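Scroll down for the structure; my scribbles are underneath it.
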Amino acid sequence: MDDYLTDARRAFKDFRAEGIQTLQPGEFSAIALTNSPQASGKVLHYDIAVEGDTSVDCLVFEREAYDAYEDGARDVPFVPEYSRTGVSETTLIRTLDRGEYIFSLDYTEQVTAPGEESVTVTRLLELSESAGG
């Protein structure tokens, strides 16, 4: 059985996190995206929708950079091919390189300055096995 019959990139769902989240200015949330060194490459999929006109950033960090980010650094590198900045709605489906990554729904000064009010975000995040292996 294939969980993604109409998508040749993905085969089987490994992980799914979805819900509605409210972030205050300066806050972020994080979800680990471990892609085993033995794996053929997991496929990352996320859909983000922000209520209203406010923008957030969807940032994917390598582990070491995330550790500094979590400690308060707001100038650390993120992985641009997996990240989207200044968005009120976005979708991404990409095969991850092998490694350990962290997805952050960011409402801090890292890239896009937060607004003065809280923001409510609907998010779906999935990791799946690549159909290629």
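The values are calculated or read from the model by the stated rules, or taken from the named source; none is laboratory data. Nothing here was measured: the structure is a model prediction, and the numbers come from that model. Note: ideal-geometry Cβ built from the backbone for every residue, glycine included; neighbour counts use all protein chains shown.
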task: Evaluate the following for E126: is it part of a strand (DSSP E or B) and more than 14 Å from F28 (Cβ to Cβ)?
output: yes
query: Of all residues in segment 90-126, how many are over 14 Å from the mean Cα position of the chain (by Cα), over 16 Å from E51 (Cα atoms) and among the small types (G, A, S)?
result: 2
statement: Residues of segment 61-103 being farther than 22 Å from A17 by Cα, surrounded by 13 or more Cβ atoms within 10 Å (Cβ to Cβ) and small (G, A, S), in sequence order, are A65, A68
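Closer than 23 Å to D14 by Cα, surrounded by 14 or more Cβ atoms within 10 Å (Cβ to Cβ) and at pLDDT 95 or above: does that describe R123? Spell out how you get there, then give the answer.
Numbers: closer than 23 Å to D14 by Cα: yes; surrounded by 14 or more Cβ atoms within 10 Å (Cβ to Cβ): yes; at pLDDT 95 or above: yes.
Spelling it out, R123 is indeed closer than 23 Å to D14 by Cα, surrounded by 14 or more Cβ atoms within 10 Å (Cβ to Cβ) and at pLDDT 95 or above.
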- request: Scan segment 85-111 for residues that are outside any loop (DSSP other than H, G, I, E, B) and among the acidic types (D, E) and jot them down.
  value: E89, E100, D106
